[in-house]
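Before any comments, here is the structure.
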Amino acid sequence: CHASVAVMQKYRDDERVKTYVDDINSMHKVVLETKNEASLLKMAENLKQNNIPYYLWTEQPENIPTCLATVPVVRSDLGDALKKCSLMR
């Protein structure tokens, strides 16, 4: 996903990113889904309020936010920021 590459590049000096890419054989990702654009933007606001770095990907030329990615974080650090999301299957 473009957002995951973008967040890793944007925050490449963040210690969480450095640690994550240093152990290339143990990279773990979770993909969550949300219902619509409004809930995606609410998630972004929740992450911002919780000081969790993220990148919101906006499709061009439509200018529509379609996904976001956070720096690598442990679930306990997320708090309630993503509580309304469900695991994408």
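The values are calculated or read from the model by the stated rules, or taken from the named source; none is laboratory data. Predicted, not measured: the structure shown is a model, and the values here were computed from it. All Cβ positions, even for glycine, are placed from backbone atoms using ideal geometry, and neighbour counts span all protein chains on display. The accessibility values were calculated without ligands, DNA or RNA, using every heavy atom of the protein model including side chains. Shrake-Rupley method; radii C 1.70, N 1.55, O 1.52, S 1.80 Å.
Please pull out the direction-averaged projected area of the chain, using the convex hull of its alpha-carbon atoms, in nm² to one decimal place. Mind dumping the intermediate values first?
Numbers: hull surface 24.7 nm².
With the hull built on Cα positions only, its mean projection is 6.2 nm².
Relative contact order for the chain using alpha-carbon pairs under 8 Å, separation at least 6, rounded to a whole percent? Before the final figure, lay out each step's value.
Numbers: 98 pairs, mean separation 33.5, N = 89.
Answer for the chain is 38 percent.
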If amide H atoms are built 1.01 Å from N in the plane of the peptide, which residues on other chains or at least 5 residues away come under 5 Å of the amide H of Trp57? Thr66, Cys67, Leu68, Ala69
Here FRET efficiency (C-beta to C-beta, Ile64 to Lys84, R₀ 30 Å, nearest 0.05) is 0.90
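Just to confirm, what accessible area per residue do you get for the chain at 1.4 Å probe, in whole Å²?
Values: 6720 Å² over 89 residues.
On a per-residue basis, 75 Å².
Add +1 for every Lys or Arg and -1 for every Asp or Glu among the other residues with Cβ under 13 Å from the Cβ of Val21, and state the total.
Details: positive: Arg12, Arg16, Lys18, Lys29; negative: Asp13, Asp14, Glu15, Asp22, Asp23.
Once all neighbours under 13 Å are counted, the net charge is -1.
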What's the local net charge at Thr66, with K and R +1, D and E -1, over the other residues with C-beta under 10 Å away? -3
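For a Förster distance of 22 Å, can you work out the FRET efficiency between the beta-carbons of Glu37 and Gln9, rounded to the nearest 0.05?
Working: r = 24 Å, r/R0 = 1.09.
The calculated FRET efficiency here is 0.35.
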Percent carbon-and-sulfur accessible area, the chain, ignoring ligands, DNA and RNA, probe 1.4 Å: 51 percent
The chain: Lys pairs at Cα distance under 25 angstrom, eight or more positions apart or on different chains: 18
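Do any GluC sites (Glu not before Pro) in the chain lie in a DSSP loop with no more than 12 other beta carbon atoms within 10 Å, and if so, which? Before the final figure, lay out each step's value.
On the way: sites: Glu15, Glu33, Glu37, Glu45, Glu59, Glu62; in loops: Glu62.
Within the chain, the qualifying GluC sites (Glu not before Pro) (loop, at most 12 other Cβ atoms within 10 Å) are Glu62.
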